[in-house]
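The structure appears right after this line, and notes come after that.
Each reported figure results from applying straightforward, stated rules to the coordinates on display, with no laboratory input. Here the structure is a predicted model, which is why all the values come from computation and not from measurement. No Cβ is skipped: glycine too gets one built from the backbone with ideal geometry, and neighbour counts run over all protein chains shown.
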């Protein structure tokens with residue numbers, strides 16, 4: 001029986017192998033789609049920094065197009081950390097302020113919108129810009145959502161969970177930190193509290209109500225090992241947190257299949273027949 005003290009060891013990566021596999025994944029995707037490279041948003045956080053680093057290893061810095069996309073309430077530290085990552089990776093970093101686009105919508109249609117709706121609009125505006133740049137330059141949009149965020153549904157549908165390819169989607173958050181340290185990304189980016197920077201003082205763990213460490217371990221036991229919530233709690237995890245994590249995973253499963261098609265024929269796309277990648 002897998003015990004709680006064993007779980008962290010199970011989540012320990014072979015960082016050399018993981019780096020090679022994920023870099024090859026990016027290079028293969030760019031080559032097989034005849035793309036000119038990739039585009040991504042650098043938020044100043046560890047996830048986008050790692051995705052950028054893997055892309056640079058895969059296809060070279062000149063084919064990785066990085067944007068910082070601030071809103072007027074964004075922390076100046078986010079842009080500074082994004083710039084630090086770009087310097088370390090020899091990337092040209094371009095900035096587009098999303099404030100005029102986001103504010104024009106809410107000022108005209110719903111000035112009383114809460115901060116969650118505004119945050120979702122920011123995430124979708126950023127991804128809209130990245131896909132437009134991808135179209136303009138013949139690029140793939142590089143995703144930066146990790147496995148923990150995806151399983152919890154801690155993302156904005158058609159916002160940060162939209163991308164052409166995602167090298168981080170099978171990495172739990174602590175595995176992201178492991179790879180980031182292995183690739184010697186800026187220490188202040190690795191050490192900072194995870195935050196989508198959607199409003200002043202916002203942090204991921206504060207909003208979720210539990211740490212990424214516990215989330216990773218509980219999700220690993222439930223998703224990778226197939227344990228029930230009660231079996232997970234029996235291994236020493238707080239029952240209420242296990243229940244909350246399980247409820248978030250179940251409630252947000254719809255976000256993991258973005259195009260749910262009603263079946264009419266015997267071969268509905270994404271339901272009955274998957275077309276393998278070349």
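Summary of computed values
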{"item": "Volume of the Cα convex hull of region 66-117, divided per residue and given in Å³", "result": "77"}
{"item": "Highest-MSF residue in the chain out of 91, 13, 50 [GNM, Cα springs under 10 Å]", "result": "13"}
{"item": "Gain upon complete extension [residue 72, residue 17; 0.36 nm per residue less C-alpha separation]", "result": "15.8 nm"}
{"item": "Helix-derived mean residue ellipticity, 222 nm - over the chain, DSSP H n ≥ 4, -39500 (n - 2.57), to 500", "result": "-15000 deg cm²/dmol"}
{"item": "Principal semi-axes in Å for region 84-201 [√(5λ), Cα gyration tensor, largest first]", "result": "26, 18, 15"}
{"item": "Relative contact order (%) - the chain, alpha-carbon pairs under 8 angstrom, separation at least six", "result": "20"}
{"item": "Efficiency of FRET between residue 92 and residue 254 - r from beta-carbon atoms, R0 45 angstrom, step 0.05", "result": "0.75"}
{"item": "Ratio Rg/Rh, restricted to region 16-168 and using Cα atoms, in which Rh is the Kirkwood radius", "result": "0.98"}
{"item": "Antiparallel %, DSSP beta bridges [both residues in the chain], to 5", "result": "0"}
{"item": "Residue 1/residue 182 FRET efficiency (R0 25 Å; Cβ-Cβ; nearest 0.05)", "result": "0.20"}
{"item": "Spatial separation of Cα centroids for region 71-110 and region 172-225, in angstrom", "result": "21"}
{"item": "Per-pair calculated FRET efficiency, R0 = 22 Å: residue 205 and residue 111 via Cβ, rounded to 0.05", "result": "0.15"}
